[in-house]
1. Would you confirm, using the coordinates I've provided, whether residue 186 is farther than 29 Å from residue 97 by Cβ, surrounded by fewer than 22 Cβ atoms within 10 Å (Cβ to Cβ) and modelled with pLDDT under 95?
2. Here are 99, 175: which of them is more than 16 Å from residue 245 (Cβ to Cβ), within 13 Å of the chain's Cα centre (by Cα) and touching a residue at least 40 places away in the same chain (Cβ under 8 Å)?
3. Got a sec? Which of 167, 211, 193 is in the same structural domain as residue 240 (by TED's automatic domain parsing), within 18 Å of residue 237 (Cα to Cα) and crowded, with 16+ Cβ neighbours inside 10 Å?
4. Only one of these is at pLDDT below 95, in a helix (DSSP H, G or I) and touching a helix residue (DSSP H, G or I) at 6+ places or on another chain (Cβ under 7 Å): 206, 139. Name it.
5. For residues in region 110-124 being touching a helix residue (DSSP H, G or I) at 6+ places or on another chain (Cβ under 8 Å) and in a helix (DSSP H, G or I), which is nearest to residue 246 (Cα to Cα)?
6. Considering (1) in a helix (DSSP H, G or I); (2) touching a residue at least 60 places away in the same chain (Cβ under 8 Å); (3) under 19 Å from residue 178 (Cβ atoms), say which one residue 127 fails and leave the rest.
7. Considering (1) at pLDDT 95 or above; (2) in a loop (DSSP other than H, G, I, E, B), say which one residue 78 fails and leave the rest.
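The values are calculated or read from the model by the stated rules, or taken from the named source; none is laboratory data. Since we're looking at a predicted model, the values are computed, not measured. So basically every Cβ, Gly included, is an ideal-geometry build from the backbone, and we count neighbours across all protein chains shown.
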């Protein structure tokens with residue numbers, strides 16, 4: 001492996017042991033895909049203005065949506081509104097890219113199988129974490145408050161809002177926002193903003209989940225140069241979580257919290 005490839009591996013993971021492992025891995029697993037995302041200073045400044053405003057607006061709508069009663073018309077309307085806000089902000093900020101991965105033969109293709117496998121692996125880790133969370137009352141309560149939207153809601157509408165927001169978040173956070181951060185630590189900065197947006201939900205389970213998943217999605221964006229890989233991983237993870245996590249907590253009564261009156 002060339003020195004340039006070694007530097008790429010070291011930039012992704014600084015830990016010495018993992019860096020040595022990357023040195024031994026095939027180049028197509030660790031090399032960043034060549035891409036040209038250069039923008040003019042004016043376009044870059046515009047992207048930053050748009051993402052700053054949309055970040056605040058979207059986080060506010062997210063917090064309001066999860067303050068509504070499960071299966072209420074306002075909950076579905078606001079949740080779809082959050083997804084629409086992320087997508088509109090992403091598209092308004094400037095060009096977006098799907099990204100590429102290198103094959104063992106050094107050809108480029110769109111990422112498909114690897115992101116799905118990554119999403120399934122992430123779900124496995126979260127399922128194990130959920131088993132632990134059931135033994136910790138504060139975390140169990142936080143998870144139950146989120147799952148009541150799936151347990152009490154219309155299955156089709158819950159699935160639609162979940163998938164819509166999964167794609168929309170990648171369009172905005174790993175598309176527009178990641179590009180707006182620039183070359184200075186985009187993985188950490190975009191992940192931090194992603195986690196801060198979930199703080200508006202006032203649910204510690206969602207905030208904790210956003211940290212590792214935000215980092216995973218951002219690393220996929222870094223390696224592939226686009227949003228297709230993190231979007232597929234996000235969708236796979238969301239579908240599995242929606243399918244298998246609510247039954248795990250089905251033996252626990254849904255925790256009702258005081259809700260504001262419906263308008």
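1. Values: farther than 29 Å from residue 97 by Cβ: no; surrounded by fewer than 22 Cβ atoms within 10 Å (Cβ to Cβ): yes; modelled with pLDDT under 95: yes.
So residue 186 does not fit the description; no.
2. Working: 99 fails: within 13 Å of the chain's Cα centre (by Cα).
So the residue among 99, 175 that is more than 16 Å from residue 245 (Cβ to Cβ), within 13 Å of the chain's Cα centre (by Cα) and touching a residue at least 40 places away in the same chain (Cβ under 8 Å) is 175.
3. Details: 211 fails: crowded, with 16+ Cβ neighbours inside 10 Å; 193 fails: within 18 Å of residue 237 (Cα to Cα).
Among 167, 211, 193, only 167 is in the same structural domain as residue 240 (by TED's automatic domain parsing), within 18 Å of residue 237 (Cα to Cα) and crowded, with 16+ Cβ neighbours inside 10 Å.
4. Numbers: 206 fails: at pLDDT below 95.
Of the residues listed, the single one that is at pLDDT below 95, in a helix (DSSP H, G or I) and touching a helix residue (DSSP H, G or I) at 6+ places or on another chain (Cβ under 7 Å) is 139.
5. Going residue by residue through region 110-124, those that are touching a helix residue (DSSP H, G or I) at 6+ places or on another chain (Cβ under 8 Å) are 110-112, 114-116, 118-120, 122-123.
From what is left, the residues that are in a helix (DSSP H, G or I) are 114-116, 118-120, 122-123.
Values: 114: 26, 115: 24, 116: 21, 118: 21, 119: 18, 120: 17, 122: 17, 123: 13 Å.
Filtering region 110-124 for residues that are touching a helix residue (DSSP H, G or I) at 6+ places or on another chain (Cβ under 8 Å) and in a helix (DSSP H, G or I), the one nearest to residue 246 (Cα to Cα) comes out as 123.
6. That leaves (3) as the condition not met.
7. Result: residue 78 passes all but (2).
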